1. Filter the range 39-59 down to the residues that are assigned to a helix (DSSP H, G or I) and buried (at least 19 other Cβ atoms within 10 Å of the Cβ) and list them by number.
2. Which of the residues belonging to the range 89-100 are surrounded by fewer than 17 Cβ atoms within 10 Å (Cβ to Cβ) and either part of a loop (DSSP other than H, G, I, E, B) or touching a Cys at 6+ places or on another chain (Cβ under 7 Å) (or both)?
3. Working only within the range 75-84, note down all residues that are crowded, with 16+ Cβ neighbours inside 10 Å and either modelled with pLDDT of 95 or more or assigned to a strand (DSSP E or B) (or both).
4. Looking at the range 70-103 only, could you name the residues that are at positive phi and among the small types (Gly, Ala, Ser)?
5. For the condition among the small types (Gly, Ala, Ser) and part of a helix (DSSP H, G or I), what is the one hit in ALA62, ALA103?
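The values are calculated or read from the model by the stated rules, or taken from the named source; none is laboratory data. Keep in mind the model is a prediction, meaning the values are calculated, not measured. In this analysis, Cβ positions are derived from the backbone assuming ideal geometry, glycine residues included, and neighbour counts consider all displayed protein chains.
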Amino acid sequence: MDHRIQHIPSQALLSNTRSQHVKPKSRGESFKTLFNQAQSALKISKHAQERLTERGIDISDAKWQEIAKHVSEAKTKGITDSLVITEEATLLVSAKNNTVVTAMNRNEAQSRIFNNINGTIILD
């Protein structure tokens, strides 16, 4: 058995590695576009998901996208914690973390006091 280290030219290694790992853009989407979409996507905390389920609140995908867009816009204006009011529900959202913290239906929200909120988004 030969224990000597064999010298392989670095050009051969680089060209071989590149051909294996580079994938062509199939949809024409740039990394920046995909990165921005991932950053603006809202996450739903376990607590918020439980509240949505137990209260029977159903929010469409289109509405979630609209909420995410407005939360992202609010974030650019310095808002960190927002109250989002829609026809379906009232959501407490951490714009800083892009996370829905809790959810309640509109009737519950009418009799509540919300603190530590520095922005409100009203969607109809």
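1. ALA48, ARG51, LEU52
2. If the condition is that a residue be surrounded by fewer than 17 Cβ atoms within 10 Å (Cβ to Cβ) and either part of a loop (DSSP other than H, G, I, E, B) or touching a Cys at 6+ places or on another chain (Cβ under 7 Å) (or both), then LYS96, ASN97 are the ones that fit.
3. Scanning the range 75-84 gives ILE79, ASP81, SER82, LEU83, VAL84.
4. Matches in the range 70-103: GLY78 only.
5. Checking each option against the conditions leaves just ALA62.
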